[in-house]
1. Please list, ordered by first then second residue, the pairs with beta carbon atoms under 6 Å, 6 or more apart or interchain, first in the range 151-166 and closer than 16 Å to residue 135 by Cβ, second at pLDDT below 85 and part of a strand (DSSP E or B).
2. In the range 289-313, which residues are under 17 Å from residue 197 (Cα atoms) and among the charged types (D, E, K, R)?
3. Counting only residues that are assigned to a loop (DSSP other than H, G, I, E, B) and basic (Lys, Arg), which one in the range 136-187 is surrounded by the fewest Cβ atoms within 10 Å (Cβ to Cβ)?
4. Only one residue in 325, 256 is touching a strand residue (DSSP E or B) at 6+ places or on another chain (Cβ under 9 Å) and of a type in the set (Asp, Glu), so which one is that?
5. Among the numbered criteria (1) in a helix (DSSP H, G or I); (2) of a type in the set (Gly, Ala, Ser); (3) closer than 21 Å to residue 320 by Cβ, which one does residue 232 miss?
6. Does the range 32-53 include one or more residues that are polar (S, T, N, Q), in contact with a Phe, Trp or Tyr (Cβ under 8 Å, 6 or more places away or on another chain), surrounded by 18 or more Cβ atoms within 10 Å (Cβ to Cβ) and under 24 Å from residue 166 (Cβ atoms)?
7. Where the second residue is among the polar types (S, T, N, Q) and not in a helix (DSSP H, G or I) and the first is at negative phi and lies in the range 200-222, which pairs have Cβ atoms under 7 Å and are six or more apart or on separate chains?
8. Has the range 285-299 got any residue that is hydrophobic (A, V, I, L, M, F, W, C), at negative phi, crowded, with 17+ Cβ neighbours inside 10 Å and not in a loop (DSSP other than H, G, I, E, B)?
Amino acid sequence: MLLHCAHARYVWNLAVEQHAHWKTGRKSAPGFAEQCRQLTEARRENEWLGSGNAVVQQQALKDFAKAKSARFLLGFGEPSWRKKYRHEGFRVIGTDRLPEYGPDGAPRLNAKGRQVMGRSVVVQKLNRRWAQVKVPGCGWVRFRLTRAELPSAKSFRVSFRNGQWHVAFAVIPESIAEPGAGEVIGIDRGVTITAALSDGRKLNCPQLTVKERSQIRKHQRRAARAPKGSEARTVEYAKVAKLKAREANRRKDWCEKTSTMLARSYDVIRFEKLNVKSMTRSAKGDVEHPGKRVRQKTGLNRAILAQGWGLLRRRTEHKAPGRVEDVPAPYTSLRCSACGWIDKNSRKSQAEFVCTFCGFTSNADENSAKNVAAGQGGIPRPRRSAGAGGVTTATGRSNAREPQPSWVGIPLF
């Protein structure tokens with residue numbers, strides 16, 4: 001399988017080099033069909049490349065074609081080089097030809113009335129926890145089952161990360177049906193509390209323990225003291241990567257379970273709209289305009305990315321399509337969920353909220369989640385008039401805003 005990874009990476013890099021060479025000229029780069037023809041000629045001339053599996057190498061060209069088209073359709077950047085020890089993986093398509101059926105169980109027919117025969121991956125279940133898949137050139141390879149049923153896919157991808165092999169089957173999961181109770185939940189995302197729900201629950205993404213963080217610092221110190229390019233330095237960095245991969249696996253597992261719970265429990269799920277990419281942008285600056293407090297901003301960026309805000313939002317949208325809404329973030333943490341009063345002095349601390357108008361007391365994150373659930377965010381109320389009181393003599397403007405009633409659910413006629 002490592003040889004499959006090397007062949008797929010080599011073919012991908014050849015396609016990147018060819019694309020960069022043709023980009024400088026006037027002619028267009030060759031497409032997938034022409035690259036497959038060139039791959040056949042290269043396999044005849046190169047003994048090392050010809051010893052590999054042709055299907056794995058063709059799928060690498062297919063992935064490159066999709067990445068190149070995604071640049072124009074989805075706005076992604078140019079396909080870049082793949083490096084050893086970092087991009088280890090390959091994709092395999094099914095070899096068996098089996099009949100395809102529609103969602104209603106009826107066989108799919110083509111224009112001539114014949115049943116459609118599609119590719120399928122060969123998978124066998126060994127017991128409740130283990131199954132095996134047929135990999136070209138490797139035979140049967142066992143893997144751990146994460147679902148009760150066997151995957152019915154047309155292709156799968158094998159990857160190698162941090163000393164572990166992973167297999168992912170290309171299956172389009174079915175969406176989770178709404179419970180039908182008409183419940184609406186608001187979710188406020190933060191660093192101290194990952195997800196505060198409007199019903200009072202607080203969900204926290206699991207992090208590394210104190211012992212694991214001390215182990216990371218220990219291995220980083222040893223790697224810094226080891227000679228550059230030595231085997232000892234590589235071993236210490238590998239241990240650090242293993243611990244960080246453990247944290248990432250815990251975060252993904254938590255996001256999957258939390259998103260499933262939200263999709264099964266509520267009809268409408270409202271998130272506070274946050275631009276995570278802009279919030280975690282580096283503050284380093286450039287030579288002419290250097291940034292300020294760069295180390296503090298770097299620590300904040302790590303704390304935000306460790307919570308999995310974006311992954312939780314995406315997975316919930318995948319499992320509950322059409323039932324996830326975004327509420328503008330401004331004023332959700334300053335507005336009182338009981339009377340609608342907006343005042344920055346109401347937010348006493350990170351966890352305490354006391355309304356300066358009605359005296360309502362609540363947890364700050366829970367109060368913000370209730371405003372998100374009501375869809376109140378982004379639009380403040382106008383200032384008070386001159387005769388309503390609270391007007392300052394210096395500017396003639398009010399320091400507070402009127403209470404805003406909740407218009408959600410009130411019929412207009």
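The values are calculated or read from the model by the stated rules, or taken from the named source; none is laboratory data. Worth saying up front: this structure is predicted, and the values here are computed from it rather than measured. Using ideal geometry, Cβ is built from the backbone for each residue, glycine included, and neighbour counts are taken over all protein chains shown.
1. 154/119
2. Across the range 289-313, the qualifying residue is only 313.
3. Top of the filtered list is 147.
4. Details: 256 fails: touching a strand residue (DSSP E or B) at 6+ places or on another chain (Cβ under 9 Å).
Unique residue meeting the criteria: 325.
5. Only one criterion in (1) in a helix (DSSP H, G or I); (2) of a type in the set (Gly, Ala, Ser); (3) closer than 21 Å to residue 320 by Cβ is unmet by residue 232, namely (3).
6. No, the range 32-53 has no match at all.
7. What qualifies is 203/194; 204/194; 205/194; 205/307.
8. Scanning the range 285-299 turns up no residue that is hydrophobic (A, V, I, L, M, F, W, C), at negative phi, crowded, with 17+ Cβ neighbours inside 10 Å and not in a loop (DSSP other than H, G, I, E, B).
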